[in-house]
Every structure is written in C-alpha cells, then in structure tokens.
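Only one structure is covered here, and it is reproduced in the block below.
Rule-based calculations on the coordinates, nothing more; no lab input. Computed from a prediction, not measured in an experiment: that's the story for all the values here. Backbone-built Cβ (ideal geometry, glycine too); neighbour counts: all protein chains shown.
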Amino acid sequence: MTGVKRMLMVGIILSSFFVVVGALWLSNSVETLDQVAEHFGATDSPMWNPPIPDYEIHGFEGNVMVNITVGIVFTVIVLVSTFAVGKSLRLLKSRA
Amino acid sequence: MYAATAVFWVFSFRKASKVLGDKQIPLMATLTAMFFAAQMMNYPIIGGTTAHLLGGPILAMTLGPYAGLISMTIILLIQALLFGDGGITTFGANVWNMGVIGVFIPYIVYLLALRITKSRSGLLVGAFAGALIGDVLAAVFAGIELGLSTLSFPYSVSIAVTAMATHHVIIGIGEGAVTAIIVSVLQKTRPDLLQLPKLSPGWLGGA
C-alpha cells in the first residue's frame, strides 16, 4: 500500500471511529453560542431547509445505526471533495 | 463578514495553489475529513453546554494557514448546506471566526514560538498557546458579531463577548491539549508533515 493510500485509510478509520463515538456517547450538543442566543431571547428563522437537519434523516430520528451511516458516508464525501479541491489547486499551479 | 472573509478566500486559494505539494493534498483531505467527523463529538463543559474540537490549529500547523482556511471552509460549507449546522447567512461570519481567526492566529503564535524557542518544549507550548488563543479570539469575534446584530440580539457586545469568551477558555484548553499532543506525536513519527516555514506567508519568512 502506498503512503498516500495508507494515509487516506488511516483517515477514514479514525474518522469512522469519531463518528461512532459521537453517535453513541457524545451526541448531545448544547453549543455556547446557541445557549447564549436563547438565553438573551434571540430567535432564528431559517432561510434554508437542509436535507439532513441536525445530522438525522427524516423518519429515522434517534436511530443510531442510520446516524453512524450518515456520518461515515458524509465524512467520505468530505474527504473526496477536499482531495478534488486540492488536485484542482495543483492543476491551477501547473497551468500557471 | 462575507466581504472580509472573501478577501482571505481569494488570497488563500491563490497562495494554496502555489504552496500545496503532492504530500499535502492527501494530508489535507484526510485532516479535513477527520475534523469534520471530530466535530460530531460533543463533550460536556460548564453551564450545561457542550464543546467540540474545531481543528483549525492542527490544520494550520500541518497544512499552513491558506490550505487550513480552505479545509475549514469545506467543513463549514457542508455542515451549513446539508445539515443546517451554522446557517447560510452566517456562513461568512462562521468562516471568519473558525477559519480565519481560528486558523491564522494559532498558526502565527505557533510559528513565533518556533522561531523564539527552537526547543521541543517551546514548540509544544506554542501549539497549546496558539490553539487556546485562537479559540478564545474566535469566540470573542463571535460575541462581537452577536452583540452587533441589533435586529435579532438586543444585548450589548460586552455581555455577548463575556459569555462567549468565558466558556471558550475551557474549550481552548481542551483544543490546546489535543493540539499539543498531536504536534508532539507528529514531531516524533512524521516530522516531515510539520513543514511550516515552507507554508508561511511572506511576512513570516515563507513562500
């Protein structure tokens, strides 16, 4: 296995571990900014309805296995997207 | 905030295309995915709130500030568009706080520590301090933005900044500890991944 493939595999394995830990034990999110805003009476009116609000698929809320699958799939999408952005930047450099 | 952040986006995309090497691209993809996943792990702090790693300091210390900002932008964009985590109208402000302040400040503090001390312990102190200062400053900016949002937030800047900064000192200590541990491990096992001078802005002696 090349160094690059090994690095990507380690990244996917560690990321999957983070997703599983996040879904099983550390999923409760009460961020300071949200709490401060709510405490002072700020309200939100979303302009955008995201397809997967709060990292849960509609109809499968609270289903840990679905949440883990969503987390891992989108982590891989982030990895591939970032790789593509990095390659595009290199392409720009080689054309310049 | 979009306009201020856009300046850094343009600058960072131009500079990143020049300094990113073949080794950094898979590293950039791996770290971006890892911190996207790590941001799903929320640990309890004080006052019933939770925190998660931001990842900006490690992105900065391994990829440099330009690619670090691009990585954080990708994370925040996917969170906002697909999961409604962060919002669209606040996207520019979020990238400013976590991508510009949260990446460039830890990077500058770390690099200065590297230049001043040149020792392993100084390096780790720089990594810890950079992450702590970066997280707290990012929170201070968020507090300022919240306090100035007079249409939706009828409280002063000082109230919002105090509330945000207090909690983020604790978050920053956590981020600093994790950052110092990762830098320490990388220094022992893969020192080639900590090539900061090559990835530095010109005014800090880099590319």
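Computed values, structure above
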| read-out | value |
| --- | --- |
| Under the span-like rule (Cα at least 27 Å along the axis, Kyte-Doolittle mean at least 0.0), DSSP H helices of chain B | B:120-148, B:157-189 |
| Gap separating the Cα centres of region B:1-50 and region A:58-96, nearest whole Å | 13 |
| Computed over region B:2-198, Kirkwood Rh from alpha-carbon pairs, angstrom | 17.0 |
| Other protein chain Cβ atoms within 10 Å, averaged over every residue that makes up B:160-168 | 3 |
| Amide H contacts under 5 Å for B:Thr50, placed H, 5+ residues apart | A:Val30, A:Glu31, A:Thr32, B:Ile45 |
| Shielding of A:49-59 by partner chains, average beta-carbon count, 10 Å | 3 |
| Average beta carbon contacts from partner chains per residue of A:69-79, 10 Å cutoff | 5 |
| Geometric extent, Cα atoms of the protein assembly as shown - Rg, Dmax (angstrom) | 18.6, 57 |
